Every structure is written in C-alpha cells, then in structure tokens.
Amino acid sequence: MSSRPSKEVIEKEMESFNTIETPVLKEELFVHKVYDEIAEHFSQTRYKPWPIVEKFLITRPDYSIGLDVGCGNGKYFNVNKKIWLVGSDRSEGLIKCATKYNSGLNNDAIVADGLFLPHHDNRFDFAISIAVIHHFSTEERRIEAIKRILSKLKLKTGQALIYCWALEQENSRRGYKEGMDQDILVPWVLQKKQEKRNKKEKVGVKDETVKESTTNQQQQESKELETKMRYYHMYKKGELVENAEKAGGVVIDHGYEKDNWWIIVKNA
Amino acid sequence: MKFLTTNFVRCPIKACDSSPDSFPLKFQDTTLIQEEQDFNPQFIAAMLERLDWPAVVSVASDLGNNSLPSLKPENISWEDQENSQLLKDLHTLLLETKIVEGKMVCRNCHHIFYIKESIANFLLPPHLAS
Ligand SMILES: C[S@@+](CC[C@H](N)C(=O)[O-])C[C@H]1O[C@@H](n2cnc3c(N)ncnc32)[C@H](O)[C@@H]1O
Ligand SMILES: [Zn+2]
C-alpha cells in the first residue's frame, strides 16, 4: 500500500499553488512552512554528505571562512574542522536541529533568508548552498539568490559550490524526466501522532497491571500519515550554469551528482 | 550565537548595505553563558587575523567586557609560548561565550533583531523584505 498521494491530489495542490499571487507567498506556504513542520523528521534523514560537497569542503585551505546558505540541519558543519563556517537557513526548526545535532567548535547557525543574507560583501573565502536555490519559485529569484551568494565572496578568489535538483533523474523512483513540467510539488509523508482516541478494546495481553494498560493505551494512539507538499523547480541540463552566468558569475566547474546539477562559481 | 559569529553578521536590510553603521550590530539586554570548548590555539590565531578588531572591541563592550586592547594584537604566532595566554583569553571570548538571549540593533536603521534560545534571527518583516 502506498502512502503517497495520488496524481489527482498533487494536481489539485498544484492548482491552488498556481493561484497564489506572489512568489514570496508561494514559497512561504509551499517551502518555509513545510520545512518548519517537517524539521525534526527531515533532519533525521539528512546525515550522509554528498561526495562532491565533502570534497569541496575538505579541499578548502586551512582556516578558510565560509557560508552554508540554506544549511538545513547542518549536515555539512563538521566535514572539515579546520574551517570556520556560518550556516544560515530560513527555517527556525531546522536551525534548532543544526544547533542541537551538528554544532561544533568551528561553526554556528543563524536564521536568515537567502535573499537577505546578514553578512559583509566580499569577505568570505567560500560558500556552499546545497539543494536550496531550486526552492525559489521564479527564475528571477533563483538568479538573485546566486547573486546574493556571489556578493558575499571575496572578489577574485572566493568560490561557491551550488547544487540544484535535476529534471533528469537517473534511477529515481520518482521517475521525473525530460520534457516534464519543471515546477512541481513533491510530497513529504509525515507520521503524525494523533490525539488519543477512546479505544477501549484490549490489546491481547492478559492480566494487565494498571501500569501495563497505560502503556497499551499509549500504543493505541494511532499514527496517522500527513502529507506536506514542497515546491521545487527542477533544473534542466545547462540551466544552472546559465543562471549563474546571468547572476554575474564565472563557472569554473560543473557536473551532475545524485540527481542534482552542481556548479562551482566565482565572481567575474 | 557564539561571540565569534557577531564579527560576521550585519544588518541585512538593503538600504543599509552601503552604510558603515550596519556593522557591528549593537547588542543589548543580553544573557550570556560560558560553554567549555576544546582549545585550538592555531584556529584562534588564524581567526584573529581575519577579525574586524574594532567590532570585537565594540561587541565585547556591549556585553560588559572593557578589557580588550583597542589595537589588534598583530603577528601572533600560535607556536610562540608568549602568546598562549592571549590566545586562551580570546578562545574564552570568541568561542566559549555564547549569547543566549538579547537584541541586536542596527546603528543605521535601528531595526532590532532578536536572539532567543541561542538562535539569532535575521528574518525581515514583509515591508522590509523587498
Ligand atoms: C533540501 S533542504 C537542504 C538542506 C541542506 N543544505 C542539506 O544539504 O541537507 C533545503 C533547505 O533550504 C532552505 N531554504 C529554502 N528557501 C530558503 C530561503 N529563501 N532562504 C534560506 N533557506 C531556504 C530550507 O529551509 C531547507 O533547509
Ligand atoms: Zn539596518
């Protein structure tokens, strides 16, 4: 039995998404609100660093200073202990997870919007932004987000590694592929504990003590599935490079990894 | 928020971008805790080079610490025994001092950002986020 919503349900959600007037409100309802709601659960699924991100971080010169824009639960915070990393994310829920699970000597986490980064221009040696920019709902805002990151980098030497979800998914169960609409809603199925229902039936154990029956009652709290939809713009081959160039950047390397397009970009 | 981080954040409001007053923020009504951390003198010496020292002095003073020299200690080699106390003190200030509650005020636009339960929040109200 699949707990994923049907195609019809997703299409209906997409219709209501499309009627929302501004991109800001679209992202508020279909990105930020969702991440706050799924933060703890989402965080539990994020711990494996992607190889190219890991490599990028490990190859930074010792004691470089960097940003992690849209850091989520901070899963990249401790890859390299010889750098200073300031992570930021729109979701307070995820920043709480970052401080709880991944905080370390060499990093810190703050709540901030990628389009309004509270940092100096031209100061940082590097930045990463992993799986974040695809959550902006217009091309203009995605380019602006790259521009904001570039503006924080040191002029000649600063480098940013940026990942966005690819339309061309290799072996994904989701089966998205070329030719599809690039703007989609992706369901996140959340197990939500429901209020105790007044179920009286016994759960098969005989001779229960009072204590045991309380335990049973707690187990009866039915776990209900709740689906949250996140908005994504899936990047076509070449599109991320193009966005970065429109943002005024020079792409020094790019590729495809784990169903994502990535670039390493610096200021022109 | 760690003390060190105060050296890397400023007011995010566009109109303050070019104002020198958007950094450092002014810290008010703060609650601090000291959290013990491993001491890595090499890390501290490297950070020292990258810090905006007047901002360190300013924020320290906001937090009630007026003991810092007004000029940045220069050429501090971490291997030099002579520097070990200085680096230890800086370690205590920069990495072990955490602001758990408080306000951060932009000296240019006077907007107030809050720190709650150790988390600094720089999100803007809708009318400023454009
Ligand atoms: C797929 S998660 C990736 C998190 C993390 N970078 C990682 O690799 O595990 C996307 C993240 O982008 C953040 N995000 C979305 N829109 C944002 C915005 N406008 N500003 C800052 N962060 C944003 C979300 O809150 C979420 O943490
Ligand atoms: Zn300001």
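Rule-based calculations on the coordinates, nothing more; no lab input. Just so it is clear, the model here is predicted, and its values are computed rather than measured. Neighbour counts run over all protein chains shown; Cβ positions are idealised from the backbone, glycine included.
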Fill in: Furthest towards positive pole of dipole, A:265, A:29, B:33, structure part the protein assembly as shown, Cβ charges
A:29
Worksheet, complete the sentence: With +1 at each Lys and Arg Cβ and -1 at each Asp and Glu Cβ, the charge dipole magnitude of the range B:35-90 around its Cα centre, to the nearest 20 debye, comes out at 180
Discussion item. Inside 10 Å of the C-beta atoms of B:38-47, what's the mean count of C-beta atoms belonging to other chains?
Written reply: 3
Fill in: Inter-chain Cβ neighbour average for residues B:13-26, partner chain, 10 Å
1
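Taking the Cβ-Cβ separation of residue A:82 and residue B:107 as r and a Förster radius of 35 Å, what is the calculated FRET efficiency to the nearest 0.05?
Details: r = 34 Å, r/R0 = 0.96.
Efficiency computed from Cβ-Cβ geometry: 0.55.
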Worksheet item: Which one of B:81, B:15, B:106 is farthest out on the positive end of the charge dipole of chain B, using unit charges on Cβ (Lys, Arg +1; Asp, Glu -1) and the Cα centre as origin?
Response: B:15
Item to complete: Please name which of B:71, A:249, A:232 has its Cα lying farthest along the dipole of the protein assembly as shown towards the positive end, using unit charges on Cβ (Lys, Arg +1; Asp, Glu -1) and the Cα centre as origin.
Response: A:232
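With only Lys, Arg, Asp and Glu charged, each at its Cβ (+1 for the first two, -1 for the last two), find how big the charge dipole of the range B:3-128 is about the Cα centre; round to the nearest 20 debye. Working shown, then result.
Values: 10 positive and 17 negative charges, 138 e Å.
Here the size comes out at about 660 debye.
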Worksheet item: What residues have an amide H closer than 5 Å to that of residue A:257, excluding those fewer than 5 places away on the same chain, when H is modeled at 1.01 Å from N in the peptide plane?
Response: A:262
Fill in: Part-to-part distance (alpha-carbon centres) for the range A:127-151 and the range A:32-72, which is given in Å
15
Fill in: 0 to 90° range, to nearest 10: angle between helix B:53-62 axis and chain B longest Cα axis
70
Worksheet item: Among A:124-130, A:230-236, B:49-55, B:25-31, how do they line up from the highest to the lowest mean number of other beta-carbon atoms within 10 Å?
Response: A:124-130, A:230-236, B:25-31, B:49-55
Worksheet item: Given charges of +1 on the Cβ of Lys and Arg and -1 on the Cβ of Asp and Glu, with all other atoms neutral, how large is the dipole of the protein assembly as shown about its Cα centre, in debye to the nearest 20?
Response: 680
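Averaged over its residues, how many other protein chain Cβ atoms are within 10 Å of peptide A:103-115's Cβ atoms? Intermediate values should be presented prior to the final figure.
On the way: counts 3, 2, 10, 6, 3, 13, 6, 10, 8, 8, 5, 0, 5.
Partner-chain Cβ atoms within 10 Å, mean over residues of A:103-115: 6.
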Fill in: Across A:75/A:258; A:55/B:98; A:82/A:258; A:55/A:82; A:81/A:152, pairs whose alpha-carbon gap is larger than 19 Å
A:55/B:98; A:82/A:258; A:81/A:152
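Could you compute the net charge surrounding residue A:164? Neighbours are other residues with a C-beta less than 9 Å from the C-beta of residue A:164; K and R count +1, D and E count -1.
Details: positive: A:142; negative: A:239.
Local charge sum for residue A:164: 0.
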